[in-house]
Amino acid sequence: MVCGGFACSRNALCALNVVYVLVGVLLVGVAGWARGLGMGSSPPLLGGAFAVGVFLLLIAALGLLGALRHHQVLLFFYVLILGLVFLCQLGVSCACLALGREAQERLLRSAWPLLSGGARGELQRRLGCCGLGEPPGTPPPASPAPLSPSGLEPPWEPQNCPARCQFPPGGVPPCPPCAPQLLQHSDQALKILGGVGLFFSFTEVLGVWLALRFRNQRDPRANPGAFL
């Protein structure tokens, strides 16, 4: 039996779809971890990576079923949907890798006021920080600033911060701002999502080629007079 035979093509297609399952789980897991940690700096990218991971899991299940049964209709839709997933994954991965530090800071500062008080409190409790903070190089204020008319919180607000930090009487709170930690975790998540997604997106082209090749091969177990 040569490698270009029916059985070899089927096994290769099944193995490739198992890889797609692992990649889909990784994308969903990293995106879910980032969102659960409260990284609101890039919700469209994280949501796009999560959606790509879910679609990749579904298309992998469809590909496994079509390969095992040599089902022409399933393989046709598998090729069609996998091509669309490739385009979406390529775009989301490039966007994750292209998002710079300054853009992440702008997105984080625009998304922070949109979080509810409970979400901000849970985030500050998890990370051990207080407030979003100022850009690097800006000294912290000696006392917490009052709330602005728009309702945005000040950079440091020790009286409302649920983090387990000890504040010296009349001193500057020792709790660090949340922005550096959020940006660090967000940058790591975006690099993982972008790198893994970009690398494995090109394997989807191989999946399309294998599925088309396998779809046009005759099953030796079928009726010899019937060619699908």
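List of remarks:
- Counted residues, the range 76-124 - those being aromatic (Phe, Trp, Tyr), over 30 Å from Pro162 (Cα atoms) and in contact (Cβ under 8 Å) with a residue 40 or more places away in the chain: 3
- Only one of the listed residues (Ala60, Ala51) is open to solvent by 20 Å² or more (accessible area, probe 1.4 Å), hydrophobic (A, V, I, L, M, F, W, C) and either part of a helix (DSSP H, G or I) or closer than 21 Å to Pro220 by Cβ (or both). That residue is Ala51.
- Tally, over the range 173-211, of residues that are under 15 Å from Ala31 (Cβ atoms) and polar (S, T, N, Q): 2
- Scanning the range 216-223 turns up one or more residues that are at pLDDT below 80, open to solvent by less than 40 Å² (accessible area, probe 1.4 Å) and assigned to a loop (DSSP other than H, G, I, E, B).
Let's see how each residue does on (1) part of a loop (DSSP other than H, G, I, E, B); (2) at pLDDT below 70; (3) touching a Ser or Thr at 6+ places or on another chain (Cβ under 9 Å):
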position	(1), (2), (3)
Glu153	yes, yes, no
Glu157	yes, yes, no
Cys161	yes, no, no
Cys175	yes, no, no
Pro180	no, no, no
Gln184	no, no, no
Phe202	no, no, no
Val205	no, no, no
Trp209	no, no, no
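- Per the listing Val73, Val79, Val92, the residue uniquely part of a helix (DSSP H, G or I) and either within 20 Å of the chain's Cα centre (by Cα) or aromatic (Phe, Trp, Tyr) (or both) is Val92.
- Test result for Leu80, modelled with pLDDT of 85 or more, open to solvent by 40 Å² or more (accessible area, probe 1.4 Å), hydrophobic (A, V, I, L, M, F, W, C) and more than 30 Å from Ala7 (Cα to Cα): no
The values are calculated or read from the model by the stated rules, or taken from the named source; none is laboratory data. Everything quoted here is computed from the prediction, not taken from an experiment. Note that we place each Cβ from the backbone using ideal geometry, even for glycine, and neighbour counts take in every protein chain shown. Quick note on the areas: whole protein, heavy atoms, side chains included, nothing else; ligands and nucleic acids left out. Shrake-Rupley method; radii C 1.70, N 1.55, O 1.52, S 1.80 Å.
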